[in-house]
1. Looking at (1) surrounded by fewer than 24 Cβ atoms within 10 Å (Cβ to Cβ); (2) within 16 Å of the chain's Cα centre (by Cα); (3) within 30 Å of residue 33 (Cβ to Cβ), which one does residue 370 not meet, given that it meets all the others?
2. Identify all residues within segment 317-327 that are farther than 14 Å from residue 405 by Cβ and surrounded by 17 or more Cβ atoms within 10 Å (Cβ to Cβ); write none if there are none.
3. Based on this model, can you work out whether residue 324 counts as on the phi < 0 side of the Ramachandran plot, within 22 Å of the chain's Cα centre (by Cα) and at pLDDT 95 or above?
4. In the list 26, 101, which residue meets the criterion of being touching a helix residue (DSSP H, G or I) at 6+ places or on another chain (Cβ under 6 Å), surrounded by 20 or more Cβ atoms within 10 Å (Cβ to Cβ) and modelled with pLDDT of 85 or more?
5. Going by the conditions given, is residue 58 modelled with pLDDT under 80 and under 21 Å from residue 178 (Cβ atoms)?
6. With the structure loaded, tell me whether residue 309 is surrounded by fewer than 20 Cβ atoms within 10 Å (Cβ to Cβ), part of a helix (DSSP H, G or I), touching a residue at least 12 places away in the same chain (Cβ under 8 Å) and over 21 Å from the mean Cα position of the chain (by Cα) or whether it fails that test.
7. Just to verify a result, which residue in segment 333-373, among those that are assigned to a loop (DSSP other than H, G, I, E, B) and more than 18 Å from residue 405 (Cα to Cα), is modelled with the lowest pLDDT?
8. If the requirement is being surrounded by fewer than 21 Cβ atoms within 10 Å (Cβ to Cβ), over 29 Å from residue 200 (Cβ atoms) and in the same structural domain as residue 41 (by TED's automatic domain parsing), which of these qualifies: 117, 77, 92?
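The values are calculated or read from the model by the stated rules, or taken from the named source; none is laboratory data. Just so it is clear, the model here is predicted, and its values are computed rather than measured. Positions of Cβ are backbone-derived with ideal geometry, glycine not excepted, and every protein chain shown enters the neighbour counts.
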């Protein structure tokens with residue numbers, strides 16, 4: 001209750017800041033004609049190139065220096081870069097800002113995972129991480145819900161035959177305010193992290209001396225039993241064929257995930273000629289099934305002591321529904337339903353998937369493998385939006401992009417199914 005709520009809120013803000021371009025895009029191109037679907041796809045994806053460069057170094061800094069200081073630095077700089085996006089005027093400026101937004105945010109996610117190992121023992125850690133991960137689908141609901149309140153500022157809109165002109169607010173359009181209102185909370189939360197978060201149990205004045213000693217001794221005992229991290233074991237993680245296989249699998253799934261997230265509003269707008277406000281509201285719906293999906297897969301995976309097929313089956317379901325979606329144009333309800341199941345499938349696999357490295361690596365090597373899988377896999381966040389933008393700009397149709405996303409996620413499911421694993425021993 002002391003640590004997780006703040007980290008949960010920080011992850012919501014981080015996730016919205018990297019994906020709010022999906023909603024802002026709906027009206028941004030009206031003021032900036034040079035911003036085609038290709039520009040948005042490339043700019044949305046280039047975030048992950050910057051993110052890739054500093055992700056592993058950032059997590060090492062959290063381990064060796066100070067989590068609260070580094071997370072504070074991350075949040076303040078990414079909040080500033082997110083707000084600066086409101087003032088871009090050319091595609092080049094957009095690319096630069098998005099790249100440095102990725103650089104600014106790099107290390108947050110793996111850094112938090114490392115930070116949680118400083119506080120939660122093995123028996124509680126997976127549960128703590130699952131609570132943290134749920135922030136992602138909640139961000140997918142909160143982001144569009146709040147952004148839609150600002151999207152029509154400075155625009156002339158017609159609803160039910162009634163035309164209304166909304167004046168700019170302080171000389172800024174709605175899409176500009178979307179970037180600003182989500183950048184400010186990141187800076188504020190970063191400052192709160194600096195003063196509220198505690199690096200390690202021994203520094204926690206809000207624990208009694210007995211509580212601090214008990215927690216520190218238990219964490220030290222686990223570390224001694226598992227052995228200290230060795231350079232050799234970390235190198236073993238980076239060169240392990242199964243880690244490389246999981247990295248490629250994660251790359252394919254992330255490609256589909258971010259391709260959908262960045263362009264779902266644009267697909268709905270193109271297929272059904274909806275207003276930006278209507279699109280933003282509908283974009284919330286696919287997130288509703290993700291939370292129960294993740295919780296169910298996590299429970300079932302633990303219940304049956306099985307990981308691989310609990311990761312494969314949701315991805316296959318999501319990929320199949322993504323393909324089915326391409327045949328639903330003309331039926332809005334069916335389109336949203338298919339997108340909802342597709343989103344749930346390509347997100348619900350995560351609890352089982354992130355349990356796989358620890359099945360064949362020691363604890364220190366498993367930590368290194370998580371960093372590598374996450375770094376390489378998130379490059380799919382560059383490919384997915386770029387593919388969708390390219391297909392629309394060159395063929396005038398998002399359908400072909402959805403075919404590609406379906407293929408990448410199916411390939412990921414196939415790769416995970418090839419993973420050689422020993423059966424987990426009974427509890």
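1. (3)
2. Answer for segment 317-327, where residues must be farther than 14 Å from residue 405 by Cβ and surrounded by 17 or more Cβ atoms within 10 Å (Cβ to Cβ): just 317.
3. When the stated conditions are applied, residue 324 does not pass them.
4. Only one candidate passes the filter, namely 101.
5. It is false that residue 58 is modelled with pLDDT under 80 and under 21 Å from residue 178 (Cβ atoms).
6. So residue 309 fits the description; yes.
7. 362
8. So the residue among 117, 77, 92 that is surrounded by fewer than 21 Cβ atoms within 10 Å (Cβ to Cβ), over 29 Å from residue 200 (Cβ atoms) and in the same structural domain as residue 41 (by TED's automatic domain parsing) is 92.
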